[in-house]
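The numbers here are math on the coordinates, done by the rules we state, and not lab data. Quick caveat, the model's predicted, so the values are computed rather than measured. We place every Cβ from the backbone using ideal geometry, glycine too, and count neighbours over all the protein chains shown.
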Amino acid sequence: MAPGSTEAPARIAPLVAELVAKARAAQRIANGYDQARVDELVVAAGWAIIEPGRNRELAELAVADTGIGNVDDKVRKNQRKTFGLLRDLQGARSVGVIGEDPALGLVEVARPVGVVCAITPSTNPAATPANKIINALKGRNAVIVAPSPKGWATCARLIAFVHAEFSRIGAPHDLVQLLPAPVSKESTAELMRGCDLVVATGSQANVRAAYASGTPAFGVGAGNVASIVDASADVQLAAERIVRSKTFDNATSCSSENSLVIVNAVRAALVEALQIRGAVLLDAAQKERLRATMWPGGKLSPAVIGQSAGVVARRAGLHDVAQQQPSMLLVEEDGFGDAHPFSGEKLCPVLTLYRAADFAEAMVVVERIYAYQGAGHSVGLHSARPEHALALGLALPVSRVIVDQVHAIATGGSFDNGLPFSLSMGCGTWGKNSFSENLNYRHYLNITRISRPIPERIPSEAEIFGTYFSKFGRK
């Protein structure tokens, strides 16, 4: 079905039911696969997006259709994130017995969840679907992708490439399907109800709909990353990492910094280092013109999402700034909340600067930012003080503390850190999510546990209550 075609509401339920029925039939076939066959599926789906010609075509189509991001960075993202995921999955057990603990008499057996509904955003119309498809296949599941309308054509092309690889290895095409266009709230909701698991990435409206669907769901929280640069930081390295992160794919990632909280001792040096790398610090009048362009009526404008700093400046009427070909735009802020929209997520290369007298005050500033938006996601830290990272992990409402790294790349897993490669980051209860990890293949598994008897061990009363009684007495 081509984009722009229409389906009457009465047709939605049977159309979705047919997709799910085909997925269930294909999943029953996959359920009989051994680990080697499953791993063939995984590698085939990975090659569908990593093959250089296909990767470039998908990246170009994504930018042409969505108007978001830039082609070269999407090529890098498609390749790096998928290749990293394949590395993570290589050798991982997901069929049959996947774990044994003789001391506890337990054996873990991996089972499929069934049919997965994968909801994906326009910001990553190839990389995110590929990630979810590969993880779902690793668990012998079928998957039906519900992309954003803008990303439909890119996702359709990706799935055509997946099917071409499946033809090479003799796997059923219906293991990976696409919700037909035009994708609507109604058709997506129907698909969520019909599947066994929903994995939702994208707008908070989509995430809330996934949780309300009645089907078990993993959804992610809102991004609005803040990073702290403390007095011990290597200013030049910090500036390099921040610019790389904030400009990657025009800051479409939820892991791109939206605010920098800079300790006063290094503020001047850091701002200068950012400016050397192309950042432009706006004055109060320029900031106001930018605000009016970015949040007309109080809502972030699609006209700036995923655009370069030069384009954003031009659309705000800041032609003198645009002529400087800025890498990103810097604005100073000291407030938080709806009356201070620069304290929120911007999804473009606009970065808000906050001041802090010291590290303790910087933590308070980040807490106030996250009280408005972004709780649960992650925080960046540029510092030579290891105890500062631990302090953030103990005190802030974040699921990840990213230390001295390119935040937008590191948060979703990297070859130089230990986080799983993923494009979906759980934000815990802080972000109204049911998980706080990077979404990975184990989230696409049911695990059956076989329990056998072990020697009985019953502790004495003294072992359990001895310390309590000695401190407080028995009564």
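Output the Cα-based Rg and Dmax of the stretch 143-286 in Å, rounding Rg to one decimal and Dmax to a whole number.
Rg, Dmax (Cα atoms, Å): 21.6, 62.
Mean shadow of the chain, computed from the convex hull of its alpha carbons, in nm²?
Dividing the Cα hull surface by four gives the mean projection, 27.5 nm².
How much length would be gained if the chain were fully extended between Lys475 and Arg289, taking 0.36 nm per residue of separation minus their Cα-Cα distance, in nm to one decimal?
Computed gain between Lys475 and Arg289 is 60.1 nm.
Mind listing the long-range amide H neighbours of Asn446? Cut-off is under 5 Å, sequence gap 5 or more, other chains count too, H placed in the peptide plane at 1.01 Å from N.
Placed amide hydrogens put Arg111, Val113 under 5 Å from Asn446.
Using all Cα-Cα distances in the stretch 336-390, what percent lands in each 5 angstrom bin from 0 up to the longest?
4, 16, 26, 28, 16, 8, 2, 0
So what's the net charge close to Asn141: Lys and Arg +1, Asp and Glu -1, counting the other residues with Cβ under 11 Å from its Cβ?
My count for the surroundings of Asn141 gives +4.
Sum up the charges of everything whose Cβ sits under 14 Å from the Cβ of His340, counting Lys and Arg as +1 and Asp and Glu as -1, but leave His340 out.
After counting each charged neighbour, the total is -2.
For the stretch 1-135, take every pair of Cα atoms, bin their distances at 5 Å starting from 0, and report each bin as a whole percent.
Calculated P(r), rounded to whole percents: 2, 8, 14, 16, 16, 15, 13, 9, 4, 2, 1, 0.
Hey, could you get me the Stokes-Einstein D for the stretch 309-409, Kirkwood radius over alpha-carbon pairs, 20 °C and 1.002 mPa s, rounded to whole µm² s⁻¹?
Rounded, D is 142 µm²/s.
Quick one: Leu445, Leu106, fewest Cβ neighbours within 10 Å first, how do they rank?
The order, fewest Cβ neighbours first, is Leu106, Leu445.
Of all DSSP beta bridges located in the chain, what percent are antiparallel, nearest 5?
So the antiparallel bridges amount to about 25 percent of the total.
Starting with the fewest neighbours, write out Met425, Met363, Met294, Met328 ranked by other beta-carbon atoms found within 10 Å of each beta-carbon.
Met363, Met294, Met328, Met425
Below 8 Å, C-alpha to C-alpha, sequence gap of six or more: please give me the relative contact order for the stretch 225-419 in percent.
31
Given Ser245, Val365, Gln325, which one lies farthest toward the positive end of the charge dipole of the stretch 225-419, if we put +1 on the Cβ of every Lys and Arg and -1 on the Cβ of every Asp and Glu?
Gln325
Place the peptides 461-472, 204-215, 125-136 in order of packing, highest mean first, counting for every residue the other Cβ atoms within 10 Å and averaging per peptide.
125-136, 204-215, 461-472
Taking neighbour Cβ counts within 10 Å as the exposure measure, how do Lys81, Lys185 sort from fewest upward?
Going from sparsest to densest Cβ surroundings: Lys185, Lys81.
For the stretch 225-419, compute the orientation-averaged projected area of the C-alpha convex hull (one quarter of its surface), in nm².
9.7
Is there a pair in Lys185/Lys246; Lys138/Lys246; Lys346/Lys432; Lys74/Lys346; Lys22/Lys185; Lys287/Lys432 whose C-alpha atoms are over 26 Å apart, and which pairs would that be?
Flagged as over cut-off: Lys185/Lys246; Lys138/Lys246; Lys287/Lys432.
Could you tell me the relative contact order of the stretch 304-344? Use alpha-carbon pairs under 8 Å, at least six residues apart, and round to a whole percent.
About 29 percent, as a whole number.
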